[in-house]
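A short write-up of the structure that comes next.
Rule-based calculations on the coordinates, nothing more; no lab input. These numbers come from a predicted model, not from an experiment. Cβ: placed from backbone, ideal geometry, glycine included. Neighbour counts: every protein chain shown.
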Amino acid sequence: MSENKSKISLFSMNNQSKTIIIFWFLSSLLIFFTAFVIIGKTQKTISTSYRNFGKMLTQTLASESVDIIKDLPEEEKQVKLEHYSKKLMKDNQEIEYIEYKNNASDVYFSIGEKSDFVNKNSFNIDTPLYLNNKIVGAVHVVFTGKSMTDVSNAARNSIIIIFTIMWFLSLVAVLINTLVITRQISLLSYGVRKISSGEFGYKLQPNDLWGEIKLLFDEFNQMSTKLHEYEEKNIDELTYEKNKLESVLMSIANGVIVCDNFDNVILVNNATATMLNVTAQELYNTNINTYVDSDGNLPFNEHIKEFKDTPLDDMEQEPLIFQMTIDGRVIKALMSPIFTASQEYLGYIIVLHDITKEAEIDKLKTTFISNVSRELRTPVTVLRSYIDTLCNFNNDFDENTKQEFLQIMNQEAKRLNNMVNDILDFSRLESADIKLEKGFLDIKPILENTVNSMKVLAQEKNITFSIIIEPDLPKLYINQDSIERVIKNLISNAVKYSRDNGKIKVRAEIDGTGNNVECSVEDFGIGIPKEHLEKVFDRFYRVETQTHTVKGTGLGLHLVKVAIEKHHNGEVFAESELNKGSKFGFI
Ligand code: ADP
């Protein structure tokens, strides 16, 4: 500000001031030239008038002096001339010397001091003396020219004073214009510069102002205030719109990256940051091609190249889709160009979708299909070979062996049946519109019956059951078949993953909160590693480690979860310690 104010000094004038000063200088020259001319003319006029006056006086003197002495005797003539000349010189101080001459040019009479014309304004006049129209002599009068000098000087001085005053006034006017008006105009133009640089609301301080300029300053300040108000309003609206868009963008679960034409990230949301394992600030304003994942790969690089090599029209029709694996996450990316309303290309948008879960399920599905086919093949192969044997060699076997064969076939058929049931249950329970009929039922007989039906299976491994049911349990609003299947699933797992001669505890009791009934099946078998425990309820999920060699579909626990949580509004839980055993149950 101070720097700008210093610009408004007399020494750094704008063009307008410079022009004013040049005009003032020229008009000063004109004023002085005019004064000089007027003084010259005035002095000339004064001098001419004075000389005319001198001429007239001399002629009067000539005629009067002839008249006075013409009839006088010779001795009186000089006395009378002296008397008359003295009186004239007394009345006219301008006359310095008078000389009368006769026709022979001899001085007849003279009076006064004949000067040496030291005074440059002195002058003399000669006039002939007439008597009866005849020249009888001449009179020579010398004038001092003092009055003329005085008048001329006075006139010159007055003119000089008048013109000096005029010049001085014009100087004052120019100074006022330069220092006051120009200064205000500079302030005004400074204010306009401020406004044009975007500093709306800037105010001029109208000190010592009056008239039109004050009005102009007031109008300027009003305009500035109005602009400031519009700006604030606009900023508020823009900020509101921006915040709205930002919150929408931020709340999108998918990742969104917007890049300009030069691949610089101009917009990024939190979901992207999570997926790419960086902060949004780290990504913002960087070249997306330079993003490096924790394995040191540049996952975007080649896809952006492919995107740029494809005609924009094609990209507009169908986005470029690619898949990346970043820090163990499988991310699907859709890349499409961005155009303005006038079809001007701005850059592109990449939408990221974390499909880790889907990819896992896909993988599990593939494993499931191979597991199921293997699982189905075993009993089918066993059944076929036994049926083949019985068909072809029926007579070769005794009754006991045949009975044994049939038992094995029965077991395999059951296994097959169970597996097919699991698969059917899965597709049935997964469908949204299934409605289970429910009623208030006692859990005790359901548990006891189910355990009894599973005892045959457990006998193979010599596993024993203990059933602990808290007395007076409230009736539960359940579908009997569904809950039976859940318990069967839990018990069959407990049997499957228990060692020979193991023990299984089946419990039903009021839980810690006192509001719910908790049913659980506990075994002391191989247990589940911690990292698998939270996933065992996922569909198709199977723990496949060295100890978990038993085959299965990975559907059992998922069906338990769906039956309990989706159809009975309950909750499943699992606790396990590797090699010590597991406890599965529901509330
Ligand atoms: P599966 O048909 O493979 O048994 P489940 O959904 O019933 O499928 O079980 C999922 C996985 O959980 C199994 O592969 C198994 O490894 C583990 N699991 C389930 N119950 C037990 C248990 N009682 N003890 C140890 N592991 C178990």
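Measure nothing but the geometry: give the 0 to 90° angle between the long axis through the Cα atoms of 211-251 and the longest principal axis through the Cα atoms of the chain, rounded to 10°.
The answer is roughly 10 degrees.
How high is the relative contact order of the chain, given as a whole-number percent (alpha carbon pairs under 8 Å, six or more residues apart)?
7 percent
Could you tell me which of rounded, prolate or oblate describes region 424-524, using a ≥ b ≥ c as the square roots of the eigenvalues of the alpha-carbon gyration tensor, with rounded for a/c under 1.5 and, failing that, prolate when a/b is larger than b/c and oblate otherwise?
oblate
For residue 132, what charge total do you get from the other residues with a beta carbon under 13 Å from its beta carbon, if Lys and Arg give +1 and Asp and Glu give -1?
Counting the neighbours of residue 132, the net charge comes to 0.
Computed FRET efficiency, Cβ-Cβ of residue 460 and residue 264, R0 45 Å: what is it to the nearest 0.05?
Result of the calculation: an efficiency of 0.10.
Between residue 175 and residue 225, what FRET efficiency comes out of the Förster formula 1/(1 + (r/R0)^6) with R0 = 51 Å and r the beta carbon distance, rounded to 0.05?
Taking R0 as 51 Å, the efficiency between residue 225 and residue 175 is 0.95.
I need the phi-derived Karplus couplings for region 155-171: 6.51 cos²θ - 1.76 cosθ + 1.60, θ = phi - 60°, integer Hz, Gly and Pro marked x.
4, 4, 4, 4, 4, 4, 4, 4, 5, 5, 4, 4, 4, 4, 4, 5, 4
If you take the Cα Rg of region 284-416 and divide it by 2.2 N^0.38 Å, with N the number of residues, what do you get?
Working it through for region 284-416, the quotient is 2.07.
Based on the Cβ-Cβ distance of residue 580 and residue 510, what FRET efficiency does E = 1/(1 + (r/R0)^6) give at R0 = 22 Å, to the nearest 0.05?
E between residue 580 and residue 510, to the nearest 0.05, is 0.25.
Nearest 10 degrees, 0 to 90: what angle lies between the long axis of helix 182-196 and the longest principal axis of the chain (Cα atoms)?
The answer is roughly 10 degrees.
List, in order, the whole-Hz ³J(HN,Hα) value for each residue of region 136-151 obtained from phi through the Karplus relation with A = 6.51, B = -1.76, C = 1.60 and θ = phi - 60°; use x for Gly and Pro.
Values per residue, Gly and Pro as x: 10, x, 8, 10, 10, 10, 10, 9, 6, x, 5, 4, 4, 4, 4, 4 Hz.
Enumerate the calculated ³J(HN,Hα) couplings along region 502-513 in order (Karplus 6.51 cos²θ - 1.76 cosθ + 1.60, θ = phi - 60°), each rounded to whole Hz, writing x wherever the residue is Gly or Pro.
Residue by residue, region 502-513 yields x, 9, 10, 9, 10, 10, 9, 7, 6, 7, x, 6 Hz.
Mean shadow of the chain, computed from the convex hull of its alpha carbons, in nm²?
About 62.0 nm², averaged over all directions.
Output the 0 to 90 degree angle, nearest 10, between the alpha-carbon long axis of helix 399-430 and the longest principal axis computed from the alpha carbons of the chain.
20 degrees
Rounded to the nearest 20 debye, what is the charge dipole size of the chain about its Cα centre when +1 sits on each Lys and Arg Cβ and -1 on each Asp and Glu Cβ?
That gives the chain a dipole magnitude of about 1880 debye.
Rg and Dmax of region 512-587 over Cα atoms: what are they, in angstrom?
Looking at region 512-587, its Cα Rg and Dmax stand at 12.9, 41 Å.
Starting from the 7 Å offset along Cα-to-Cβ, what nm value, one decimal, do you get for the label separation of residue 19 and residue 242?
My value for the distance between the label points is 4.4 nm.
Starting from the Cα gyration tensor of region 173-330, multiply each eigenvalue by 5, take the square root, and state the resulting semi-axes largest first in whole Å.
Gyration-tensor ellipsoid for region 173-330: 56, 17, 15 Å.
What relative contact order, as a whole-number percentage, does region 436-572 give when Cα pairs under 8 Å and 6 or more residues apart are counted?
Normalised by residue count, the contact order of region 436-572 is 22 percent.
What is the dipole size for region 60-194, taken about its Cα centre, with +1 at each Lys and Arg Cβ and -1 at each Asp and Glu Cβ, in debye to the nearest 20?
1480 debye
Calculate the length of the line joining the C-alpha centroid of region 20-73 to that of region 412-472, in whole Å.
The distance from the Cα centre of region 20-73 to that of region 412-472 comes to 149 Å.
Say the cut-off is 18 Å between C-alpha atoms; which of 455/496; 90/120; 414/455; 530/566; 503/583; 444/488 go over it?
90/120; 530/566
Using only the Cα atoms of region 152-253, what semi-axes does the equivalent ellipsoid have when each is the square root of 5 times a gyration tensor eigenvalue? Give whole Å, largest first.
58, 11, 6
Two decimals is fine: what is log10 I(q)/I(0) at q = 0.20, 0.27 Å⁻¹ for region 202-281, from a Debye sum with one equal scatterer on every Cα and no solvent?
One equal scatterer on each Cα of region 202-281 leads to -0.91, -1.15.
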